[in-house]
1. Kindly indicate whether A201 is surrounded by 23 or more Cβ atoms within 10 Å (Cβ to Cβ) and among the small types (G, A, S).
2. Any residue in the range 5-13 that is open to solvent by less than 60 Å² (accessible area, probe 1.4 Å) and within 21 Å of S133 (Cα to Cα)?
3. Can you tell which of D71, D52 is surrounded by fewer than 20 Cβ atoms within 10 Å (Cβ to Cβ), closer than 21 Å to F162 by Cβ, in contact with a Ser or Thr (Cβ under 9 Å, 6 or more places away or on another chain) and touching a residue at least 24 places away in the same chain (Cβ under 8 Å)?
4. Anything in the range 229-287 that is under 30 Å from Q321 (Cα atoms), surrounded by fewer than 23 Cβ atoms within 10 Å (Cβ to Cβ) and either touching a His at 6+ places or on another chain (Cβ under 7 Å) or of a type in the set (D, E) (or both)? List them, or say none.
5. Please identify the pairs in which a residue from the range 136-156 that is in contact (Cβ under 8 Å) with a residue 60 or more places away in the chain and over 23 Å from I22 (Cβ atoms) has its Cβ atom under 6 Å from the Cβ atom of a residue that is in a strand (DSSP E or B) and not aliphatic (A, V, I, L, M), counting only partners at least 6 apart or on another chain.
6. For G185, all conditions in the list (1) assigned to a strand (DSSP E or B); (2) surrounded by 20 or more Cβ atoms within 10 Å (Cβ to Cβ); (3) in contact with a Leu (Cβ under 9 Å, 6 or more places away or on another chain) hold save one; what is the number of the exception?
7. It is to be established whether one or more residues within the range 1-15 are farther than 30 Å from K281 by Cα and either out of contact with any Asp or Glu (no Cβ under 9 Å at 6 or more places or on another chain) or in contact (Cβ under 8 Å) with a residue 60 or more places away in the chain (or both).
8. Output the number of the condition that D290 fails; it satisfies all remaining conditions of (1) surrounded by 13 or more Cβ atoms within 10 Å (Cβ to Cβ); (2) without any contact (Cβ under 8 Å) to a residue 60 or more places away in the chain.
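The values are calculated or read from the model by the stated rules, or taken from the named source; none is laboratory data. Keep in mind that what you see is a predicted model, and the values were worked out from it rather than measured. Glycine gets a Cβ as well: all are built from the backbone with ideal geometry, and neighbour counts include every protein chain shown. In case anyone asks, the SASA skips ligands and DNA or RNA and just uses the protein heavy atoms, side chains included. Shrake-Rupley method; radii C 1.70, N 1.55, O 1.52, S 1.80 Å.
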Amino acid sequence: MSVMELPSTREEAWRWADTAGIAAAAALPQIAGVETDGWFLDLPGARIVVVDGVVDQAVSNLGRVVLRQVDADDHALAARTSGPGWALHLDADAAADPVQIVHVATGAANHLPAEIVLGDNAVAQVVETYIGSGWANRFTRTTLGSAARLMRSVRLVQEAGFTSLREEATLGTGASLITVFLGAGVAGTRIDARIVAGEGAYADYGGALLTAGEQRQECFVRIHHAEPNGQSKQVWRAVAADRSAASLAAAVEVARHAQKTDGEQSLRGLLLQRTATVNLKPELEIFADDVKCAHGATVGELDARALFYMQSRGISPARAQALLTHAFVVDALDRIGDAVVRDAFVADADAWLERAL
């Protein structure tokens, strides 16, 4: 694909986007023999394998997931995905076993849409993992009814290429959406999301991006509080090594009548070498006058005093650095409610740290 088909980096939402990296990923040659078994976690429920944007029904257990036409909007990433996709629809008061999806890219470009619709008081959990090589582009539309609850956990661990995610979510009255990402692969990534929260809704959207080499990862997230009494948290952590770059842009929008909104942003970056780059851009756009919104953004290196203290207690410099970096990253991953999923994500982060430190 041509870089000219994507928005220009002159557009604010694409300011740090690696459009050249996406084009290069789309041109990668085909590979074979990508194993998926080891990526599924010890959880009940559906296990779905997607190869190059197509659900492999022969090796998948769809559970309550169905395959159907999913129409996307005209967003630059989403528009490419319109067509056959997967959908999880739950009626009111229903609860489903976890849904696990492993996305395999074997080169070139692939696109896939998805739809999650939960009725009032319904509960679901979705765990997604991205592996392989190429450009994997995904669109997910989420609609939560009143008091519905969805927990999503997404691992971005491709060995080469690029993973791009366009996410759109609408939260009904009192609904809860918790989404945690971990970027711990070698491929470039872009997370592009817009969440609209209804009255009393809760949105927790964040994660950790770990970059090394010449890698680039970025996210652009906007949470729009359309009704009163909503809450949102955006907790993002970025660790950058070598000559890599991690970029986090997170915004909270509060409509004029959305009083009593409580919005919190915490964006923190850690540089393992001074040749690396972390870009942070928190943003508040508030039109209501009775709100509690705050943001914080810091970029720095490991605390020299903490390192010295640990070494004075007999901990090796490398071990001390690993422990402090682990604590920095886990701060974002602790938001995963399922212990099995959380432990797997922490293990992936630790494996990345072993390579990078």
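1. Judged against the criteria, A201 is a match.
2. Yes, some residue in the range 5-13 is open to solvent by less than 60 Å² (accessible area, probe 1.4 Å) and within 21 Å of S133 (Cα to Cα).
3. Every option except D52 fails the conditions.
4. Within the range 229-287, D242, E264, P282 meet the criteria.
5. Pairs found: M151/Q125.
6. (1)
7. No, the range 1-15 contains no residue that is farther than 30 Å from K281 by Cα and either out of contact with any Asp or Glu (no Cβ under 9 Å at 6 or more places or on another chain) or in contact (Cβ under 8 Å) with a residue 60 or more places away in the chain (or both).
8. The number of the failed condition is (1).
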